[in-house]
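Trainee: Structure incoming, see below.
The values are calculated or read from the model by the stated rules, or taken from the named source; none is laboratory data. What you see is a predicted model; the values in this text were computed from it and never measured. A quick note on method: Cβ atoms are made from the backbone with ideal geometry, for glycine too, and the neighbour counts reach across all protein chains shown. Side chains included, ligands, DNA and RNA excluded: accessible areas come from the protein's heavy atoms. Shrake-Rupley method; radii C 1.70, N 1.55, O 1.52, S 1.80 Å.
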Amino acid sequence: MDSEHWRAVVTAAQAGDRRALDELVAGWLPLVYNIVGRALNGHADVDDVVQETMLRAVGNLGSLRDPDSFRSWLVAIAMRQIRDRARRKTPDRLEEAPASDFADLTVLRLQLEGQRREVAEAVRWLDDEDRQLLSLWWLEVAGELTRRELAAAVGITRQHAAVRVQRMKERLETSRGIVRALDGACPGLRELTGRWDGRPDSVWRKRLARHIRGCGYCGGTRETVVPAERLLAGIALVPLPVGFTLSLAFGGKTAVAATSAGWSAKLLGALTKPAVAVTAGATIVAGGAYVVTQPPDAPPPRAAIAPTATATSEPPRTSAPPAPTPRSSPSATKKTDPYGTVVDAVDRAPDPDTPPAALPRRPESGITSTGGPKAVMQHRGDRVTLTGRGYVLVRWQISPGSRPGALVMPSWTGLKGRLFHVASGGSRRMDDPLPGAPNGYATGMGGPGIGYAVLPPGTQQMWQNEYFYLDGTVTLTQNERGCDYGLTVFPTNRDAVVEDIGQGPPQGAIRYGLVRDTGTDRAPVPQYVTREAPADPATVPQRSRV
């Protein structure tokens, strides 16, 4: 940011310029949001800590002697609020899950892919202190902070900061290895994580790191691992969510006291007036809430909904599933097959060196998931409901070494709208030979030393990654009964699908992916799908008309 410009803005705000104060709050709020959001990994307290930080900064702006030090002063306030929040945590709140996982927000809002995505997701595995330090170091390597500001915010010398950053980076690299391994298909890792609830913590970080160090399958990598600082350099700040609310509430302050503390007249007037637009893409609403939306030239919020993957028990209204179009119903089509009569059939694996066909482009507005951005379904009866319009990845992990036998397929129930099977990827089919496979495995389906997972007759052989397109709402249920298996469900997007299926033998994969989408309502649908909601989802027929 232009230091001369912000020096002038800070000086003007201290002198009582209310427009300058509005610009100061709107201009520096994204930095505070990124620091707090990453340090707390999107915990429900993020909004409160951001609000308290900005409230204290505005209330104490007059005490700042050097306008040039505003950024380091503001960052130090944010870090104090983060540490105060940690000290205030009560035992009943220690196990609270993030309201909106910041690692996933980083990936989705910045459209990160490959190793940049890997670094963002690895943050989940860090302890609180490391995550707090990384929230500053991330911004340092991205050019938003200096090392001097980082050290000052933490309250240590630059030399001590260098030591702590190095140790944090080592644990971050360990966490990157865990993310990479969990994205793979190591049968031994599948068995190890059989009792894991899917929530990263330091105990499981150590267990998984030990496994990776001793496992030839997990320890290998198909590409050179780029240092984290090179990946993070130049990454922009995660933008504020549409409708992010910053409530600069007065608490016990009177209007006179608030004015003397430097509060903007627009904030004061908002207490009794309906919402009014102000500069810098901000909106003041009744009750003293400062709502940052998007730049003035951006489209209105309803047209700017970005793909999201937040856990929710009730889908937000903006993501409500569109009703099926009349032409997709059986009664509206007579000469061609209606939607739902074309299902996957048993096929042969394509030649490994055959690149996939082009994936048709379908509209995307994002998928919400009751299982959050990464639903791990390890046991019979686990389920996730998906709502919206966009792409979904279902990743398979099969463990006949734990329990071989007949595999009872997962099923899709309660479908409203349309659901297509659009592509298969993950660099291999589950029946492909595994180079250097451990523990008696020959393929992902098992081996002579441990037994095999056996599919029902006529069932399509799954690939490690199966991609679906949803326009509506549906529930996916894990029906494990015979062979042991697990599913991980991720809302995703078309670009990620194309990148995955385009990885082939030249990049170290076993085979290229496969496109199944025809771009029409005659594209394949999952074999085990129904619009009904049976008491036992495992009873869904293999070939259902939907």
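Trainee: Residue pairs, Cβ under 6 Å, 6 or more apart or interchain, first in region 372-390 and modelled with pLDDT of 85 or more and open to solvent by 40 Å² or more (accessible area, probe 1.4 Å), second polar (S, T, N, Q) and in a loop (DSSP other than H, G, I, E, B). List them.
Mentor: Asp382/Gln478; Thr385/Thr370; Arg389/Ser365
Trainee: Continuing with this model, one more query. Any residue at all in region 21-39 that is under 23 Å from Val154 (Cβ atoms), without any contact (Cβ under 8 Å) to a residue 40 or more places away in the chain and of a type in the set (Val, Ile, Thr)?
Mentor: Checking region 21-39: not a single residue is under 23 Å from Val154 (Cβ atoms), without any contact (Cβ under 8 Å) to a residue 40 or more places away in the chain and of a type in the set (Val, Ile, Thr).
Trainee: Within the bounds of region 363-370, is there any residue that is open to solvent by less than 20 Å² (accessible area, probe 1.4 Å), within 23 Å of Gln542 (Cα to Cα), of a type in the set (A, V, I, L, M) and modelled with pLDDT of 90 or more?
Mentor: The answer is no; no qualifying residue exists.
Trainee: Restricting to region 396-413, name every residue that is open to solvent by less than 30 Å² (accessible area, probe 1.4 Å), of a type outside the set (S, T, N, Q) and in a strand (DSSP E or B).
Mentor: Once the filter is applied, which keeps residues that are open to solvent by less than 30 Å² (accessible area, probe 1.4 Å), of a type outside the set (S, T, N, Q) and in a strand (DSSP E or B), region 396-413 yields Trp396, Ile398, Gly405, Trp412.
Trainee: If you check every pair at least six apart or on different chains, which have Cβ atoms under 6 Å apart with a residue in region 401-414 that is at pLDDT below 95 first and a residue that is open to solvent by 30 Å² or more (accessible area, probe 1.4 Å) and of a type in the set (Val, Ile, Thr) second?
Mentor: Gly401/Ile450; Ala406/Val454
Trainee: List the number of the failed condition for Pro350; all other conditions in (1) touching a Ser or Thr at 6+ places or on another chain (Cβ under 7 Å); (2) open to solvent by 30 Å² or more (accessible area, probe 1.4 Å) hold.
Mentor: Evaluating Pro350 over (1) touching a Ser or Thr at 6+ places or on another chain (Cβ under 7 Å); (2) open to solvent by 30 Å² or more (accessible area, probe 1.4 Å) leaves (1) as the failure.
Trainee: Taking the conditions exactly as written (among the charged types (D, E, K, R), closer than 30 Å to Asp431 by Cβ and either part of a helix (DSSP H, G or I) or at pLDDT 75 or above (or both)), does Glu118 satisfy them or not?
Mentor: So Glu118 fits the description; yes.
Trainee: Taking Arg158, is it modelled with pLDDT under 80 and open to solvent by 60 Å² or more (accessible area, probe 1.4 Å)?
Mentor: Against the criterion (modelled with pLDDT under 80 and open to solvent by 60 Å² or more (accessible area, probe 1.4 Å)), Arg158 does not qualify.
Trainee: Could you check Glu144 against (1) at pLDDT below 85; (2) part of a helix (DSSP H, G or I) and say which number it fails?
Mentor: Only one criterion in (1) at pLDDT below 85; (2) part of a helix (DSSP H, G or I) is unmet by Glu144, namely (2).
Trainee: Give region 494-514 a look and list any residue that's polar (S, T, N, Q) and crowded, with 18+ Cβ neighbours inside 10 Å, or say none.
Mentor: Residue satisfying the conditions is Gln503 alone.
Trainee: Determine which single condition Arg38 fails, assuming it passes every other condition in (1) more than 21 Å from Ser135 (Cβ to Cβ); (2) buried (at least 20 other Cβ atoms within 10 Å of the Cβ); (3) of a type outside the set (Gly, Ala, Ser).
Mentor: The single condition Arg38 does not satisfy is (1).
Trainee: Can you list the strands (runs of 3 or more DSSP E) found entirely within region 428-498 that contain at least 2 residues being within 20 Å of the chain's Cα centre (by Cα) and farther than 23 Å from Ala509 by Cα?
Mentor: Per the criteria, 463-477.
Trainee: Continuing with this model, one more query. Looking for something among the aliphatic types (A, V, I, L, M), at pLDDT 90 or above and open to solvent by 30 Å² or more (accessible area, probe 1.4 Å) - is there at least one such residue anywhere in region 446-468?
Mentor: Yes - at least one qualifying residue is present in region 446-468.
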